[in-house]
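Quick notes on the structure that follows.
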């Protein structure tokens, strides 16, 4: 549960960054979405931690789940390791329930 506490602290810090960014850009028509994207990635990581599957960071915004699936945290796309075909998922929870855990049966 140490990992869950760590990610919760990071999410809390990022929420403050997002709040300050919203204040800073309230009058702008165009602005970067980096703080919001980072918050979304952290929330996706939290969902993975809560699911209990084995995972690790794989690269720029992607995670490797069960040493088999690559999941892009921001877009929700996934692929089998070593394959070049990418698929869309409804959510990280849907992906884990329907593909990762189904594969264990």
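Computed quantities for the displayed model
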| read-out | value |
| --- | --- |
| Relative exposure of 94, 58, judged by other C-beta atoms within 10 Å (fewest first) | 94, 58 |
| 0 to 90° range, to nearest 10: angle between helix 2-24 axis and the chain longest Cα axis | 40 degrees |
| Per-residue Cβ neighbour rank within 10 angstrom, fewest leading, 102, 33, 85 | 85, 102, 33 |
| Which label in [x] 64, 38, 18; [y] 51, 33, 21; [z] 55, 28, 18 gives the computed Cα extents along the principal axes in Å | [y] |
| Degrees, to the nearest 10: 34-51 long Cα axis against longest axis of the chain | 40 degrees |
| Computed [θ] at 222 nm, helices only, for the chain once each DSSP H run of length n ≥ 4 contributes -39500 (n - 2.57) | -14500 deg cm²/dmol |
| Residue order, fewest to most surrounding Cβ atoms within 10 angstrom, among 26, 87, 99, 71 | 26, 87, 99, 71 |
| Residues in region 6-38 reached by a label modelled at residue 57 [backbone nitrogen below 13 Å; 7 Å Cα→Cβ] | 7 |
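Computed from the coordinates by the stated procedures, all read-outs in this text should not be read as laboratory data. Predicted, not measured: the structure shown is a model, and the values here were computed from it. Reconstructed Cβ throughout: ideal geometry from the backbone, glycine too, with neighbour counts over all protein chains shown.
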